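The structure is given below, and queries will be raised subsequently.
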Amino acid sequence: MTRFDADATAERIALVADAIAAHRDRESAFCTLEADSDPGEDPDFLPPWVQFADGTLNLDCTDEELDALSTVLSGFGAFTITSRESIEDAPGTNVRVDARADDERIGQFVDAVFREVYGLPEDFRLWAVEI
């Protein structure tokens, strides 16, 4: 893999597909995709991220983001939530999504998650931060 970021929809989708392929080739534990976001004044800010491993996407969502995730899932029939875990002091829910699709379709779903669930603009920058 020679590039690790993209800021246009088609390029982000290809980046996700390439990162997943590299993850499989390297037989790594997972790959992590992270949005380039402005933390503003919050020193505890963590940018939105999605991890992929063994056909499963892993992400954290607030209650509002969970509602948006349900809407995104309605447009992707091959994707289903397999588990939700809320920790008492955590501000959100960890969600596992089974992704029974090819890498490009997973890329489309991941891009939709960042834009529609996390509310990022059309031209946000996505990074493959761990493969």
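The values are calculated or read from the model by the stated rules, or taken from the named source; none is laboratory data. This structure is a prediction, so every number in the text was calculated from the model and none was measured. No Cβ is skipped: glycine too gets one built from the backbone with ideal geometry, and neighbour counts run over all protein chains shown. Protein only, heavy atoms only, side chains kept; ligands, DNA and RNA dropped before computing areas. Shrake-Rupley method; radii C 1.70, N 1.55, O 1.52, S 1.80 Å.
Express the accessible area of the chain per residue in Å², computed with a 1.4 Å probe while the remaining protein chains stay in the model. Each step should come with its number before you reach the end.
Details: 7270 Å² over 131 residues.
With the other protein chains kept in place, the chain gives 55 Å² per residue.
In deg cm²/dmol, rounded to 500, what helix-only [θ] at 222 nm does the chain give when every DSSP H run of at least 4 residues adds -39500 (n - 2.57) and the total is split over its residues?
Numbers: 3 runs with 39 residues, N = 131.
Calculated mean residue ellipticity at 222 nm is -9500 deg cm²/dmol.
Could you give the length gained on full extension between residue 21 and residue 85, defined as 0.36 nm per residue of separation minus the Cα-Cα distance, in nm?
Numbers: separation 64, 0.36 × 64 = 23.04 nm, distance 2.77 nm.
Length gained between residue 21 and residue 85: 20.3 nm.
Highest mean first, what order results for 60-69, 23-32 on Cβ atoms within 10 Å?
Values: 60-69: 15.7, 23-32: 14.0.
Answer by packing, highest mean first, reads 60-69, 23-32.
Below 11 angstrom from the Cβ of residue 9, what's the summed charge of the other residues (Lys, Arg +1; Asp, Glu -1)? If you can, show how the numbers build up before the last one.
Details: positive: 12, 115; negative: 7, 11, 111, 122, 123.
With Lys, Arg at +1 and Asp, Glu at -1, the net is -3.
Next question, about the same structure. Shape of the stretch 88-128 from its Cα gyration tensor (a ≥ b ≥ c, root eigenvalues): rounded if a/c is under 1.5, otherwise prolate when a/b > b/c, or oblate? Present the calculation step by step, with values, prior to reporting the outcome.
Numbers: a/c = 2.50, a/b = 1.23, b/c = 2.03.
Judged from the Cα gyration tensor, the stretch 88-128 comes out oblate (a/c at least 1.5, b/c at or above a/b).
In addition: Roughly speaking, what is the centre-to-centre gap between the stretch 59-126 and the stretch 10-57 when only Cα atoms are used, to the nearest Å?
Result: 12 Å between the Cα centres.
Within the stretch 47-131, what whole-number % of the accessible surface is contributed by carbon and sulfur, with the 1.4 Å probe and all protein chains included in the calculation? Display every interim value, and only then the final one.
Values: 1930 of 4460 Å².
Ligands and nucleic acids excluded, carbon and sulfur give 43 percent.
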